[in-house]
Every structure is written in structure tokens, then in C-alpha cells.
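J.: Here it is, the structure, as C-alpha cells.
The values are calculated or read from the model by the stated rules, or taken from the named source; none is laboratory data. Just so it is clear, the model here is predicted, and its values are computed rather than measured. For neighbour counting, all protein chains shown are included, and Cβ atoms are generated from backbone atoms with ideal geometry for every residue, glycine included. Calculation scope for accessible area: heavy atoms of the full protein, side chains included, ligands and nucleic acids excluded. Shrake-Rupley method; radii C 1.70, N 1.55, O 1.52, S 1.80 Å.
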Amino acid sequence: MASTSSSSWTPKQNKVFEKALATYDKDTPDRWQNVAKAVGRSIEDVKQHYEILLEDVKHIEDGAIPFPKYITTKKR
């Protein structure tokens, strides 16, 4: 995934971002301000990061990115 600002997003920031998106849905007033505050990034950063997320999801749904091949294990 591409960086949305001069510095990369940490795995922790991504997790907080995902949780904030679930908490502040599209109908929440000041959604992006709340998400930005939760993540510790600017509103512009979180909006851009969201657009990249939407692009990634679209590529997955379009089949452009294959699903990983998971190794199954037999239960004993």
C-alpha cells in the first residue's frame, strides 16, 4: 500500500484507522476530523489513505489481486 504522506503509516496507525472508520461511519458528522484525531494524522492524510483503501478493495473485488493460498492443516 502506498504512503499517504511523507511518512509511512505504521501497522498500529492502520489498525486505529480501520477501527475509527468502523466507529465513525459515513453518516457521522465530522467523520474525517474524528478519524484524523483518533489516528494522529491530518484530515487530508486520512482522506487520502481512505481513497487508497478504496482502490485496493476495488482491485481485490475485480480479481486484480489474487487471494493468498493458505496452507490448511489437518486436525488431530
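J.: From the list 65, 43, 60, which residue is open to solvent by less than 100 Å² (accessible area, probe 1.4 Å), in contact with a Phe, Trp or Tyr (Cβ under 9 Å, 6 or more places away or on another chain) and at pLDDT below 95?
T.: Answer to the selection: 60.
J.: Taking into account only those residues within the stretch 1-15 that are loosely packed, with under 12 Cβ neighbours inside 10 Å and in contact (Cβ under 8 Å) with a residue 12 or more places away in the chain, which is farthest from the chain's Cα centre (by Cα)?
T.: 2
J.: Please work out which residue is nearest to the chain's Cα centre (by Cα), limiting yourself to the stretch 16-72 and to residues that are of a type in the set (Asp, Glu) and assigned to a loop (DSSP other than H, G, I, E, B).
T.: The residue in question is 25.
J.: Continuing with this model, one more query. Which residue pairs have Cβ atoms closer than 9 Å, lie 6 or more positions apart in sequence or on different chains, and pair a first residue in the stretch 28-48 that is within 17 Å of residue 11 (Cα to Cα) with a second residue that is open to solvent by 80 Å² or more (accessible area, probe 1.4 Å)?
T.: From the stretch 28-48, the pairs are 35/23; 35/47; 36/44; 36/47; 38/19; 38/23.
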